[in-house]
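Right, one structure below, let's go through it.
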Amino acid sequence: MSRVLRWRIPAQWAGRTVQDYLRRGLGFSSSVVIELKHSPGGLLKNGEACRSVDLLQEDDLLTLTFPKEPMEYPPAPGELSVLWEDEDFLIVHKPPAMPVHPSPGHDRDSLLNRVAYHYQSTGQSHRVRPLYRLDRDTSGVLVLAKHRAAAGAGTEKRYLALCQGELAGEGTIDQPIGLGTESKIRRVTGTGQRAVTHWRALAQGGGHTLLCLSLETGRTHQIRCHMAGIGHPLAGDDLYGGSREWVPRQALHCAAVRLTCPALAMDRTFTSPLPRDLTSPFPWLPSWEELCKEDILCLPV
C-alpha cells in the first residue's frame, strides 16, 4: 500500500525550494528526494506535479507519495512479539537463536520471514526493512521501517550485557576493529576501522558484571570484540573467549531504542526486559523495574 504524507509550508520556508524543505526541514536523504522526483505522483505542490527546484510559498500543501513495494522475503508463520506498530514502523522483540535475515540454511526461519508473514496476514504489503542488524544470538528491540521515508529515521540504542569478571564505574573503549588473519573473528587491530564503545557497570556478582553499553560506531561484533579485547568477554560468547558454563549464547540484549523521525512526528523510546535465559542463571541481577529507575538511556554518545 502507498503511504501519503502531507505538510503545510510554514512562513519561514517561503521562498525556499522544495528540495531545501525536504532535505533540511524534514530530514529526508537525497536518495529519497530523487526517488520521489522520478515516481509518478510522488511529489505534488497544491495537488499538481512539481519539481524539487520549485519555490515554496507559505501555506502551500506539499504531498509526498511513497509507492507500494513488494515483499522480497517469503512469508513464514511463527511467533512474532510486536512491541509497537503504526503506518510507518514495526517494532518487535527479537528472540535469541534466530537470524534477522534469511541465509543459506535459514531461508524461511529468519525473523524477516516472520515479519513478512505478519504483513501478509494483516493485509499489508511492505518491503521488510530493518533499520539495523542484531546478531543471531543477540536478543532485544528491532525496528523495521515500512517505507522509504521511515527508513531514514534515527536510532539510539542501549544494550545490556553480562561480561566475565567484575568491573566497576564506567569507561570508553576507543580501539579499531578489523578481521583477524585467516579468520572471520573480529579483533582489535591497528589496521581496522575506528570503533568506540561506552560502558557503565550496573551490578556485579558471581564473577560477572552487568553492563549498559552504547555505540558511537556500528562495527560487526563491536561490543563482543571490544569487551574481549579488555579481558572481559561476554558470558556465553565462546567465539570471543567467553564461557558457556552459565548461558548458551552471548549475554547481549538490545534493551532500549530511541526512535526519532521529525518528518513523521516520531520520538519514542521502546524497551525490552532481559529475557529469562539471561536472568535465571544470575539471581543477583537487579529487576527490570530497578534498572529502569537507573535510566539505562543515560550514557553519552
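Some points to look at:
- Scope the stretch 5-62; condition of a type in the set (Lys, Arg), assigned to a strand (DSSP E or B) and either surrounded by 14 or more Cβ atoms within 10 Å (Cβ to Cβ) or without any contact (Cβ under 8 Å) to a residue 12 or more places away in the chain (or both); matching residues: Lys45
- Output for the stretch 69-110, where each listed residue is in contact (Cβ under 8 Å) with a residue 60 or more places away in the chain, surrounded by 13 or more Cβ atoms within 10 Å (Cβ to Cβ) and part of a loop (DSSP other than H, G, I, E, B): Glu69, Glu87, Asp88, Pro95, Pro96
- Residue that is crowded, with 19+ Cβ neighbours inside 10 Å and in contact (Cβ under 8 Å) with a residue 40 or more places away in the chain, where the choices are Gly140, Gly205, Gly154, Gly165: Gly140
- Considering the conditions (1) of a type outside the set (Ser, Thr, Tyr); (2) surrounded by fewer than 23 Cβ atoms within 10 Å (Cβ to Cβ); (3) not assigned by TED's automatic domain parsing to the domain that holds Leu285, Lys146 is excluded by exactly one of them, (2).
- Test: residue in the stretch 27-41 that is among the hydroxyl-bearing types (Ser, Thr, Tyr) and at pLDDT 95 or above: no
- Any hit, the stretch 139-158, residues being part of a loop (DSSP other than H, G, I, E, B), on the phi < 0 side of the Ramachandran plot and among the hydroxyl-bearing types (Ser, Thr, Tyr): no
- Residue satisfying condition, being in the same structural domain as Gln164 (by TED's automatic domain parsing), over 22 Å from the mean Cα position of the chain (by Cα) and surrounded by fewer than 17 Cβ atoms within 10 Å (Cβ to Cβ), within set Pro262, Pro283: Pro283
- Single unsatisfied condition, Leu211 versus (1) surrounded by 22 or more Cβ atoms within 10 Å (Cβ to Cβ); (2) touching a His at 6+ places or on another chain (Cβ under 8 Å); (3) touching a residue at least 40 places away in the same chain (Cβ under 8 Å): (2)
- Among the candidates Ala168, Ala161, residue that is over 15 Å from Ala251 (Cα atoms) and either outside the structural domain of Asp135 (by TED's automatic domain parsing) or more than 21 Å from the chain's Cα centre (by Cα) (or both): Ala168
The values are calculated or read from the model by the stated rules, or taken from the named source; none is laboratory data. In this text, all values refer to a predicted model and were calculated from it rather than measured experimentally. Note that each Cβ is placed from the backbone with ideal geometry, even for glycine, and that neighbours are counted across all protein chains shown.
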